[in-house]
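Derivation of every value follows stated rules applied to the coordinates shown; laboratory data play no part. Predicted model, so just to flag it, every value in this text is computed and none were measured. Cβ coordinates were reconstructed from backbone atoms using ideal geometry, including for glycine residues, and neighbour counts include every protein chain displayed.
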Amino acid sequence: MKRVVKVFFFIALIFSAGFAVQAQSKIGYVDSNEVMQAMPERNTAEAALIEFNKQLESELMTMAKEYQDKLADYQNNLATMSNLIRQSKEKELTDLQTRIQAFQESAEHEFSEKQNELLAPIIEKIKGAIEAVGKENSFTYIIDKATGVLLYIGLDAEDITPKVKTKLNIK
């Protein structure tokens, strides 16, 4: 009977030690989309992006109108054009199409760069706040609810990568 009590006590001790270790890990989550939406700087960045996009669209519309006008002129005068003028006009239309396509690709790239330029300081500010909250409140991990991405790893977190590699017999 004493042996059963000792075994029971030992098992209880092991379980309580396991719970104590678990209690030391503190996991939190944050909704980065909600935080981003609440940032006052986001409205300014968004307005600048809308204005930049309008400028790009305006230039694209000007180019498209030029193409449409030249295409209409070409189609209206096709019957009276000499072979040399027809070829010249066709080349001009093809070149204009190529420029429009190149502008669209360039505009997409520039818009993306502008977006990164305007949003990067806001994102860094949010990351800094998340890290500060993690440290101040002794979190082991903070996960982004919106994306599922791990945003913060505390000093007491254990990296088990080497153990997994060992388990898989890889270096």
Next item on the list: Pick out, in residue order, every one of the GluC sites (Glu not before Pro) in the range 113-171 that is DSSP loop and has at most 15 other C-beta atoms within 10 Å; say none if there are none.
Entry: 158
Item checked: Residues of type lysines that residue 127 reaches as a straight line, Cα spacing below 23 Å, ignoring anything fewer than 8 places off in the same chain -> 26, 114, 135, 145
Notebook entry, point to check: Pairing the Cα long axis of helix 40-77 with the longest principal axis of the chain, what angle in degrees results, from 0 to 90 and rounded to the nearest 10?
Noted result: 30 degrees
Next item on the list: Rank 102, 79, 45 by mean-square fluctuation in a GNM of the chain with C-alpha springs under 10 angstrom and give only the top-ranked residue.
Entry: 79
Notebook entry, point to check: What's the FRET efficiency of residue 44 with residue 153 using the Cβ-Cβ distance as r and R₀ = 35 Å, to the nearest 0.05?
Noted result: 0.65
Checklist line | Label selected from (i) 66, 22, 12; (ii) 30, 17, 14; (iii) 22, 21, 15, the criterion being semi-axes √(5λ) of the Cα gyration tensor in Å as computed here | finding: (i)
Next item on the list: Quickly estimate the mean residue ellipticity at 222 nm for the chain, helices only: each DSSP H run with n ≥ 4 gives -39500 (n - 2.57), and the total goes over all residues, rounded to 500.
Entry: -27000 deg cm²/dmol
Next item on the list: Sort 25, 32, 58 so that the residue with the fewest other Cβ atoms within 10 Å of its own Cβ comes first and the one with the most comes last.
Entry: 58, 25, 32
Margin query: If you take every residue apart from residue 61 with its C-beta less than 13 Å away from the C-beta of residue 61, what net charge results, scoring Lys and Arg +1 and Asp and Glu -1?
Written below: -2
Checklist line | Contact order normalised by residue count of the range 2-167, Cα under 8 Å, 6+ apart, percent | finding: 35 percent
Item checked: Likely footprinting exposure, 26, 89, fewest C-beta neighbours within 10 Å first -> 26, 89
Check: Using the beta-carbon distance between residue 109 and residue 160 and R0 = 41 Å, what value does 1/(1 + (r/R0)^6) give for FRET efficiency, to the nearest 0.05?
Finding: 0.55
Next item on the list: Calculate, in nm to one decimal, what residue 78 and residue 27 gain on full extension: separation in residues at 0.36 nm each, minus their alpha carbon distance.
Entry: 11.1 nm
